[in-house]
Amino acid sequence: MYCTRKITDAVTWVGGCDRRLSLFENLFPVPSGVAYNSYLILDEKTALLDTVDSSISRQFLENVLHTLDSRPLDYLVINHMEPDHCANISELLLRFPGLKIVGNAKTLTFIRQFYDMDLEGRTITIKEKDTLPLGRHTLHFYLTPMVHWPEVMMTYEESENILFSADAFGCFGALNGNIFIDELDYTQDWLAEARRYYGNIVGKYGPQVQAALKKLSALEIAVVCPLHGPIWRSDIDLLLDIYARWSSYEPEEHTVALFYGSMYGDSENAVNILAAGLADAGIRKIAVYDISCTHISFLIAEVFRCSHLVLTAPTYNSGIYPAMLNFLHDMKALNLQNRTVALIENGSWAPASGRQMRTLLEEMKQMKILEPVVTIKSSLKEDSLDSLLQLKESLAASLRDGHSFQA
Ligand code: FEO
């Protein structure tokens, strides 16, 4: 049975949700599931904006057929040619002989790379700012490459000021009947997962997101329809502000998160003492993570949130404890920059993780490393405690300063 919701009289949400999926992209845990949004416009012509993942094809097709109410589908606009949105192209081509696929040159290249289907005479190739009239509605196309794939574009409907934004402004989490932002408590229930989605999936492409925001800035936008997560028909300034912050690698909050690897609890002990000392110094909202027990996607979300990071790692095989090494590599791959970082190393006979963490951080942009780097030999003793307390003072002073590092 169909399950749809109206966005406006002419535009219907025909997507669906998967609450069974364990790992999105076979990488990211999605404990609250994920939504695959698709939108159908009914006018003199009918147009579908993207399809959905294969896991919900049955629900999706029922939604589309019900909403069409026996009308043919004239256009399928593909804003993003990644399979979580494209599993139903061939099915739609078979069901609707007059259907035309609308995409840019790269979109059509990717369709042919992923699938074997006869597209002869079935495609419309668009370029930047091309338009597609549907009747009262007109679609305008804006190429937004590398947000987060090269073929990505956004579609703007001018009569109702609706932006179909592809993966931009998306979020992990299934939609629970309430598909609109004004029906949810976004800050309490959705912001953390939106940040985790952005940081891990789009985070590397900050400059390209900034270019897209600049391109869209001239448009009057009443509704933002992303491919994942809730639909924005209010508070759009908030959405644009938070994307501007994330994409410029500005910390979302002036606060500290402590990340540690600890084999036998001694490095963890040092982190707990540091966190307690910071609390005594008046620092609030301190976050602490055991990086061996926390999926890296949650750690990445936290580095996008926090201005100050404390990285604590044992020395392992003369290098950095593997979980921390992986975390640092991911930070670098995602272009993370502009943070203040404190370092604690542990090593029973040849501590080296501090120096090696510093080297990796120095390869990133605008990373300020606080002094001293604390060295623990096996477990915290009086001399290393002194060093830890000095680091606490440096951190507390920097946090009180209220400004993140700017080169
Ligand atoms: Fe939701 Fe980039 O696919």
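The values are calculated or read from the model by the stated rules, or taken from the named source; none is laboratory data. These numbers come from a predicted model, not from an experiment. Quick reminder, even Gly has a Cβ in these numbers, built from the backbone with ideal geometry, and neighbours come from all protein chains shown.
Tabulated results
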{"item": "Strands (runs of 3 or more DSSP E) enclosed by the stretch 10-74 - at least 1 residues per element that are hydroxyl-bearing (Ser, Thr, Tyr)", "result": "11-13, 34-36, 39-42, 46-49"}
{"item": "Selection count where residues are closer than 18 Å to His148 by Cβ, part of a loop (DSSP other than H, G, I, E, B), away from the ligand (no atom under 16 Å from the Cβ) and not aromatic (Phe, Trp, Tyr), scope the stretch 217-251", "result": "1"}
{"item": "Wholly within the stretch 252-361, helices (runs of 4 or more DSSP H) carrying at least 3 residues that are farther than 30 Å from Leu23 by Cβ and hydrophobic (A, V, I, L, M, F, W, C)", "result": "266-280"}
{"item": "Long-range neighbours under 8 Å by Cβ, at least six apart or interchain, first residue closer than 16 Å to Ala257 by Cβ within the stretch 273-284, second assigned to a loop (DSSP other than H, G, I, E, B)", "result": "Ala275/Ile286; Leu278/Ile286; Ala279/Ile286"}
{"item": "Residues (within 24 Å of the chain's Cα centre (by Cα) and loosely packed, with under 14 Cβ neighbours inside 10 Å) located in the stretch 115-160", "result": "none"}
{"item": "Extreme residue, nearest to Leu216 (Cα to Cα), among residues of the stretch 260-298 that are surrounded by 16 or more Cβ atoms within 10 Å (Cβ to Cβ) and aromatic (Phe, Trp, Tyr)", "result": "Phe298"}
{"item": "So Arg195, is it at pLDDT 95 or above, in contact with a Lys or Arg (Cβ under 8 Å, 6 or more places away or on another chain) and surrounded by 21 or more Cβ atoms within 10 Å (Cβ to Cβ)", "result": "yes"}
{"item": "Residue match in the stretch 81-97 (condition: within 16 Å of the ligand (Cβ to nearest atom), aliphatic (A, V, I, L, M), assigned to a strand (DSSP E or B) and buried (at least 21 other Cβ atoms within 10 Å of the Cβ))", "result": "no"}
{"item": "Test: Ala257 is in the same structural domain as Ser378 (by TED's automatic domain parsing) and either within 17 Å of the chain's Cα centre (by Cα) or surrounded by 20 or more Cβ atoms within 10 Å (Cβ to Cβ) (or both)", "result": "yes"}
{"item": "Any hit, the stretch 52-67, residues being under 28 Å from Ala212 (Cα atoms) and either in contact (Cβ under 8 Å) with a residue 12 or more places away in the chain or within 16 Å of the ligand (Cβ to nearest atom) (or both)", "result": "yes"}
{"item": "Enumeration of residues in the stretch 116-158 that are at positive phi and more than 16 Å from the ligand (Cβ to nearest atom)", "result": "Gly121, Lys129, Gly135"}
{"item": "Some residue of the stretch 168-176 being farther than 25 Å from Gly16 by Cα, out of contact with any His (no Cβ under 6 Å at 6 or more places or on another chain) and not aromatic (Phe, Trp, Tyr)", "result": "no"}
{"item": "Scan of the stretch 15-47 for residues that are buried (at least 20 other Cβ atoms within 10 Å of the Cβ) and away from the ligand (no atom under 16 Å from the Cβ), ordered by number", "result": "Leu40, Ile41, Thr46, Ala47"}
